[in-house]
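Worksheet for the structure shown next.
None of the figures in this text is laboratory data; all of them are computed from the coordinates on show. Note that the structure is a prediction, hence the values are computed from the model and not measured. Cβ: placed from backbone, ideal geometry, glycine included. Neighbour counts: every protein chain shown.
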Amino acid sequence: MKKKRSAANCEYCSNYIYDEEWGYYICDMPLDEDEMGKFMTDTFRECPYFQMNDEYKIVRKQM
C-alpha cells in the first residue's frame, strides 16, 4: 500500500488518502490478498471501491 502511484484512478478516488504518520498515500479500503497484490503491482484498473473525490457534490444537491 505504500507505493506512490502515477496518474491513475487512485489519485482521483476519495478512498486514496495521505497518511501523515507514515508519510505516503494509502488506499483506505479493506483490500483482500488478491486486491492488495494488484494494488501493489499497479494492475488494479477496475477498482470496485472507486469513488470520485467530488467536493461539490453536496453543494449541487442544495441548489
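For Y16, what residues show an amide H to amide H distance below 5 Å, using hydrogens built from the backbone and excluding near sequence neighbours?
Long-range HN contacts for Y16: D28.
Among rounded, prolate and oblate, which fits the range 9-62 when a ≥ b ≥ c are the square roots of the eigenvalues of its C-alpha gyration tensor, a/c under 1.5 means rounded, and a/b larger than b/c means prolate? Working shown, then result.
On the way: a/c = 2.71, a/b = 1.59, b/c = 1.70.
Verdict is oblate for the range 9-62.
Which value, in debye to the nearest 20, gives the size of the charge dipole of the range 9-62 about its Cα centre, when Lys and Arg are +1 and Asp and Glu are -1 at the Cβ?
Taking the Cα centre of the range 9-62 as origin, the dipole is about 460 debye.
Quick one: 3J(HN,Hα) in Hz for the range 30-37, Karplus 6.51/-1.76/1.60 with θ = phi - 60°, rounded, Gly and Pro as x.
x, 8, 7, 4, 5, 5, 5, x
Figure the gain on full extension for I17 and Y49 (residue separation times 0.36 nm, minus the Cα-Cα span) and round it to one decimal in nm.
Gain in length upon complete extension: 10.2 nm.
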